[in-house]
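K.L.:
There's a structure below that I have some questions on.
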Amino acid sequence: MKKNKIEHYSDKEALEFHNTNKSGKIEINSSKPMTTKRDLALAYSPGVAAPVKAIYKNPELAYDYTTKGNLVAVISNGSAILGLGNLGAIASKPVMEGKAVLFKRFADIDSIDLEIDSNDPEEIINSIKNFSKSFGGINLEDIAAPDCFIIEEKLKKILDIPVFHDDQHGTAIITCAALVNAIDITKKDIKKIKIVVNGAGASAMACVDLIKKKGVPQKNITMIDRRGVIHKKRSDLNKWKKSHSIETNCRTLSDAIKNADVFLGLSSAGVLKKDMIKKMSKKPIIFACANPDPEIIPEDVEDVRDDAIIATGRSDYPNQVNNLIGFPYIFRGALDVRAKTINDEMKIAAADAIASLARERVPDEVAAAMGGERPKYGKDYIIPSTFDPRLISVIPVAVAKAAIKSGVARKKIENFELYSEQLKQRLDPSVTIMQGINSQIKKTQKRVVFADGEDENNLKAAIAFKNSGLGVPILVAKEDIVKKKLKEIGYSENFNIKIVNSKNKDLRDKYSNFIFSKLHRKEGLLERDCDKMVRNDRVVWASCMVECGDADAMVTGNTRRYSSSLKKITKVIDSRPGEIMFGLNMVVNKGKTVFIADTTVHEYPSSKELAEIAKSSARVVRLFGFDPKIAFLSHSTFGQPITSRTKHIRDAVDILKEMKVDFKFDGDMQPDVALDDTYKELYPFSEIVGNANVLIMPGQHSAAISYKIMKTLGGAKVIGPLLIGLGQAIEICPLRSSTSDILNLASVAAYSAGVINYGKKN
């Protein structure tokens, strides 16, 4: 079993992450315009009276006139935070905010974290009961047993919205799905298998409950707590443990594990030993899910058994049992049918959907989104990846269907195919894109030069690039400055990233000679001029590294203006043969992705240049998995009004028509016509109206202004600008780029180095 490297971060960086820009990880934004007096009158007084009166007459209308139907409360008292224990309500807030972020990121569910400062179950129950009307669902988190059982049981009886303790049921659903597939792969009989469960907390009990409902007889399940096997003769059992007690002579894990088919660990590190593994049945199934360290590491299992299926709770091994595969999508389905509860039928439907998804052939578009990886159902792939984009279109559908069939849904869905397509649109496409890119570059391990290695954000990005296993970073920097920066950001130990600079005389001479041979006739430079250029400019040095084959790709920026960096780079590196150079930005907002060009190079491109930019843009967006639909933007739409600038754009369209390209395009048109499908009825002759995903701007000024306004005022996510058409894989970050921005561009550069033949004309 291959072990992958995990991402590592310093505590200081984690703290800075939570304190940068705004404190914390969530905020509340208005979904309605609040600009005019009329807007305010509709939103508040007197207009708000209308929905108030309507809801008073029919409380169900709260789903229509408020956020209730897409709002989940994430609740904890901090009595069992992660593996840290009872640290109190306020200490749990970072975790609960994180949970809220995951709800939004993976299922487009809004959520509010509420930390209740009490260890009294009844007080917690009453608190939740009193504010529950505001929410479409309740997610309980990090509440210690047995209080979590008591709280959930009572809330389910008194509330008419889903109440879900994820530590219990999320774990159970994912575990059950993985177990069903493991049983299938090993050809075992679910009604005859012998299961040993080490751990008797909330998650373990929920797992056992669901496993029983899938067909495993109770007598075949041996559960073990800190005092040993839970058997009928014990007198120290609470009602929950007693319900799982069996008649057995086994008293220890070592006793129970003999001839067991399945080990399910939800306990503590290192409790399962190699000699115990030897005693298990043929083709044993071992789920060692303790976090952060499992009950036994997969390498130790493989030392004594080559026929085992192994799963853990960790991301650095195959078969990760991760609640993230479940809870966002389960709530998504429950909310969309306005379910009164999340019942057993819905849990089983979710588990079955997850299990079935792992058995399906991974389609081309999903493989592309995962960086070309195509996992195949088998012992190392019994459960889908947390980043599988199919999860959102499969699990909510199964949950919604089960809710409707079992009679707990207030709302029916008539067209599930349409519903599935609508679910896909809720995903943030940029996340899938970057996940795919990162998966791909992990295989190729390209050498990426970070030209501004002394800049803090560049340094952090280089560290993240290495620790995430994305490739081999190289810093252009002075060692003493880097060491000082490392201490400042909390990375003073185990730093093993290569640092290069002009002290290396062999490289300096190599690059100086290269520059001289390239520029002495072109610019009349002397050898000493070229040596000075190489010695004094990190961008020139880094560009030489890539051009001379000492690195595969490069990222720079954040410390100087884009145009300044580009000027230095183009002294060293020419445009790609037969291709125009330009800037392309990927902009994501509200689930829609558009590419904008040219944002960086041509102030006012000619009609021929606009056509070439469109052609190259189509090639690039295809590399990212998009079918290009290109709109040439203008202040006019199809010649209205006609001006010299309008003709300029229309000429570009005509030139592209003559090229006989294999993608759809049209223009001239205004941006709202290109992006808003309500205009389709006005211009039925154009396939691009309302469907465009590539916007060719009339000039650099309009392109740069547009994407920066969208980013700053519209809250759009922007990746880039990507430098297209240069003869090497090099990206330039704008001023004040974040660590994340730089890391993304470094990944794009590494990806480009692997998929583009820079010596070949397109």
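Taken together, the values in this text are just the output of simple stated rules run on the coordinates, not laboratory data. Bear in mind that the values here come from a model prediction, so they are computed numbers and not experimental data. Note that each Cβ is placed from the backbone with ideal geometry, even for glycine, and that neighbours are counted across all protein chains shown.
K.L.:
Would you mind ranking 240, 541 by Cβ crowding within 10 Å, fewest neighbours first?
P.N.:
Exposure proxy ranking, most exposed first: 240, 541.
K.L.:
For the chain, give the share of DSSP beta bridges that are antiparallel, in percent and rounded to the nearest 5; count only bridges with both residues there.
P.N.:
DSSP beta bridges in the chain are roughly 25 percent antiparallel.
K.L.:
With only alpha-carbon atoms counted, please give the Rg and Dmax of the stretch 169-321, in Å.
P.N.:
When restricted to the Cα atoms of the stretch 169-321, Rg and Dmax are 14.0, 41 Å.
K.L.:
On a 0 to 90° scale, report how tilted helix 429-444 is relative to the longest principal axis of the chain, with both axes built from alpha carbons and the result rounded to the nearest 10.
P.N.:
So the helix axis and the longest Cα principal axis differ by about 80 degrees.
K.L.:
Follow-up. Taking the Cα centre of the stretch 11-161 as origin and charging only Cβ (+1 Lys, Arg; -1 Asp, Glu), how large is the dipole, in debye to the nearest 20?
P.N.:
840
K.L.:
On a 0 to 90 degree scale, rounded to 10, what angle separates helix 505-519 from the longest Cα axis of the chain?
P.N.:
50
K.L.:
Moving on. Defining a contact as two alpha carbons under 8 Å apart and six or more residues distant in sequence, what relative contact order in percent does the stretch 197-343 show?
P.N.:
With pairs under 8 Å counted, the relative contact order is 16 percent.
K.L.:
Report the net charge of residues surrounding residue 581, where surrounding means a beta-carbon distance below 12 angstrom and charges are Lys +1, Arg +1, Asp -1, Glu -1.
P.N.:
Net of charged neighbours comes to -4.
K.L.:
Which value in Å is the Kirkwood Rh of the stretch 582-724 over different Cα pairs?
P.N.:
Result for the stretch 582-724 stands at 14.8 Å.
K.L.:
Work the Kirkwood hydrodynamic radius out for the stretch 28-123: mean of 1/r over every pair of different alpha-carbon atoms, inverted, in Å.
P.N.:
16.0
K.L.:
May I ask for the equivalent-ellipsoid semi-axes of the stretch 600-669, computed as the square root of five times each C-alpha gyration tensor eigenvalue and listed largest first in whole Å?
P.N.:
Gyration-tensor ellipsoid for the stretch 600-669: 21, 13, 11 Å.
K.L.:
Quick one: Cα centre-to-centre distance for the stretch 48-108 and the stretch 605-657, in angstrom?
P.N.:
45
K.L.:
For the stretch 665-726, which chymotrypsin sites (Phe, Trp or Tyr not before Pro) pass both filters: DSSP loop (anything but H, G, I, E, B) and at most 16 other C-beta atoms within 10 Å?
P.N.:
Passing sites in the stretch 665-726 are 685.
K.L.:
Same structure again: Local charge sum around residue 345 (other residues, Cβ-Cβ under 10 Å, Lys/Arg +1, Asp/Glu -1)?
P.N.:
Once positives and negatives cancel, what remains is +3.
K.L.:
Which residue, 468, 263, 577, has the largest displacement toward the positive end of the dipole of the chain when charges sit on each Cβ (Lys, Arg +1; Asp, Glu -1)?
P.N.:
So the residue we want is 263.
K.L.:
For the chain, give the magnitude of the charge dipole about the Cα centre (Cβ charges: +1 Lys/Arg, -1 Asp/Glu; no others), in debye to the nearest 20.
P.N.:
Here the size comes out at about 1040 debye.
K.L.:
Then there's this: Determine the dipole magnitude for the stretch 582-724: charges of +1 sit on the beta-carbon of Lys and Arg, -1 on that of Asp and Glu, nothing else is charged, the reference point is the Cα centre, and the result goes in debye to the nearest 20.
P.N.:
Value, rounded to 20: 340 debye.
K.L.:
Can you give the net charge of the other residues whose Cβ lies under 15 Å from the Cβ of residue 550, counting K and R as +1 and D and E as -1?
P.N.:
With Lys, Arg at +1 and Asp, Glu at -1, the neighbours total +3.
K.L.:
Given the -39500 (n - 2.57) contribution per DSSP H run of 4+ residues, what per-residue ellipticity at 222 nm results for the chain, rounded to the nearest 500 deg cm²/dmol?
P.N.:
Taking each H run of at least 4 residues, the total per residue is -13000 deg cm²/dmol.
K.L.:
Going by the alpha-carbon gyration tensor, a ≥ b ≥ c the square roots of its eigenvalues, is the stretch 324-427 rounded (a/c under 1.5) or, if a/c is not under 1.5, prolate (a/b greater than b/c) versus oblate?
P.N.:
prolate
K.L.:
In degrees between 0 and 90, to the nearest 10, how far off the longest principal axis of the chain does helix 391-405 point, with axes built from Cα atoms?
P.N.:
So the inclination is approximately 40 degrees.
K.L.:
Taking only the alpha-carbon positions of the chain and ignoring solvent, what does the Debye formula give for the base-10 log of I(q)/I(0) at q = 0.08, 0.10 Å⁻¹?
P.N.:
-0.78, -1.14
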